[in-house]
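Please read the structure below before turning to the comments.
The values are calculated or read from the model by the stated rules, or taken from the named source; none is laboratory data. If you're wondering where the values come from, they're calculated on a predicted model, not measured in any experiment. As a convention, Cβ positions derive from the backbone with ideal geometry for all residues, glycine included, and neighbour counts pool all protein chains shown. Calculation scope for accessible area: heavy atoms of the full protein, side chains included, ligands and nucleic acids excluded. Shrake-Rupley method; radii C 1.70, N 1.55, O 1.52, S 1.80 Å.
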Amino acid sequence: MKHYIIPVFIPHLGCLHECIFCNQRKITGLLTPVTARQVAAVIQERLADINQARRIEVAFYGGSFTALPQTMQNELLAPASQALYNGQIHAIRLSTRPDCITGSTLANLRSHGVSIVELGVQSFDDAVLFNAARGHSSQIVAEAVNLLKAAGISCGLQLMPGLPGEDWMSLITTVRQTITLCPDFVRIYPAIVIAGTRLAELYQQGVYQPLSLPQAVARCAYMKLVFERQGIEVIRTGLQASEELDKNVLAGPYHPAFGELVDSHIFYLMLTRFIEQNFFDTETGFTIVHHPKDTSKVRGQHNNNLSRLRLQYNLSAITLCADSTVIPGSLLLRHKGLSFLLSKNMIK
């Protein structure tokens, strides 16, 4: 059953720190706090639009929910809790800071039906966290994850490659620490420069250089591959595109189809690894059989994957063939009457 998210944005509510990359008002376009009445209205409006079976979740995004006064938390959660009790929705999720998690806070969330909490982690490198003005250490993240697991609440981590001071070794540390904590899922948002942030000032002063789009795609593809091999689901790569965000991004690897670029890069790596390990008659070429939903990802944006493969390996012909019997995310490569199954596991 497909998921349907009813988003409720609470920009900067509860936030005690001004992280250098953050300006939720610029991202969401919201300037005033949301009320319980508005939450109820959003839920009912979205429910009226659903005309087929869905797993429906109300999600509180934007601020640090558990840093709000408990009375305000309870007021905002009440409409969602009522919808959950009435069987109109299936789950309630929210986002918060790792240093705003306590046993009593989680007990209160559970009493209101919250079953999923996402932590804004960004990095497990303490130097990177300091540079980003996060206000907490990586140890605090580990403690928060353990509290969530003890409370029986699903835990997701939001990671942000490309922050000031991060390099490949730092990123590998973050990936390894994430695997050690074994969250239920992760989101990966490469750092971008948004107007009105401290990061924008550093960029304009020439102190900070964001990742290029190809660099960010490569890092996020690495993260996704490693996490998925460890059974950790990556539910999103890249920020959700919006008109407000489009107007306020000054620099960095922002792309409305960033997640597809990452998946496309992974397909490219699968094909290059296989070609380099096997002999091919360049005059004969080969056929790539894929699941229909992967067509654009295999081709790459503007057929970039196919163009690079032809140029890099002097291939005369590459044919694509959609076949619904192929497992999504894998490929069947045919060459001179032989068939080879390609999977993500072949990427080292």
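Taken over the alpha carbons of the range 210-348 as equal point scatterers, the Debye sum produces base-10 log I(q)/I(0) values at 0.17, 0.21, 0.22 Å⁻¹ of -0.97, -1.34, -1.43. Spherically averaged projected area of the convex hull of Cα atoms, the range 247-317: 5.9 nm². To the nearest ten degrees, helix 304-313 and the longest principal axis of the Cα atoms of the chain are 40 degrees apart. Spin-label model, Glu45 to Ala133: label points 7 Å out along the Cα-to-beta-carbon direction sit 3.2 nm apart. Ranked from largest, the principal axis spans of the Cα set of the range 151-198 equal 38, 26, 13 Å. Approximating the spin labels as points 7 Å out from Cα along Cα→Cβ, the Met169-to-Lys2 distance works out to 4.6 nm.
For the range 136-175, the Kirkwood hydrodynamic radius from C-alpha pairs, put into Stokes-Einstein at 4 °C and a viscosity of 1.567 mPa s, yields a diffusion coefficient of 111 µm² per second. Cα centroids of the range 295-343 and the range 46-60: 36 Å apart.
When the chain is treated as a GNM with alpha-carbon contacts under 10 Å, the residue of Gln230, Gln73, Gln277 showing the greatest mean-square fluctuation is Gln277. Ordering Thr173, Thr96 by accessible surface, largest first, gives Thr173, Thr96; the 1.4 Å probe counts only protein heavy atoms, with every chain in place. Using all Cα-Cα distances in the range 13-165, what percent lands in each 5 angstrom bin from 0 up to the longest? Once binned at 5 Å, the Cα pair distances of the range 13-165 give 2, 9, 18, 21, 19, 16, 10, 5, 2, 0. Here the Gaussian network model covers the chain, with springs between Cα atoms less than 10 Å apart; of Gly162, Gly337, Gly103, Gly337 fluctuates the most.
If DNA, RNA and ligands are ignored and the probe is 1.4 Å, what is the ranking of Tyr85, Tyr313 by accessible area, most exposed first?
Largest accessible area first, the residues go Tyr85, Tyr313.
Seen against the Cα atoms of the chain and their longest principal axis, helix 70-85 is set at about 60 degrees. Of all the options Val121, Val42, Val226, the one that moves most in a Gaussian network model of the chain with Cα springs shorter than 10 angstrom is Val42.
Work from the charge dipole of the range 29-113 (Cβ charges, +1 for Lys and Arg, -1 for Asp and Glu, about the Cα centre) and give the residue of Cys100, Ile43, Leu84 farthest towards its positive end. With unit charges placed on the Cβ atoms, the residue in question is Leu84. If you add up the charges near Met1, with Lys and Arg at +1 and Asp and Glu at -1, over every other residue whose beta carbon is less than 13 angstrom from its beta carbon, what do you get? Every neighbour counted, the sum reads +2. Across the chain, the volume of the C-alpha convex hull divided among the residues equals 147 Å³ per residue. Take the Cβ atoms of Arg310 and Ile235, set R0 to 35 Å, and the FRET efficiency comes out at 0.55.
Only bridges with both residues in the range 236-348 count here: give the DSSP antiparallel percent, nearest 5. Bridges in the range 236-348 that DSSP calls antiparallel: roughly 65 percent. Computing Rg and the Kirkwood Rh from the Cα coordinates of the range 287-340 gives a ratio, Rg/Rh, of 0.96. Rg over Rh for the range 82-186 works out to 1.03, both radii taken from alpha-carbon positions and Rh defined as the Kirkwood radius. Modelled spin-label separation between Thr284 and Asn108, with each label point placed 7 Å from Cα along the Cα-to-Cβ direction: 6.8 nm. Solvent-accessible surface of the range 98-200, taken per residue with a 1.4 Å probe and all protein chains present: 35 Å².
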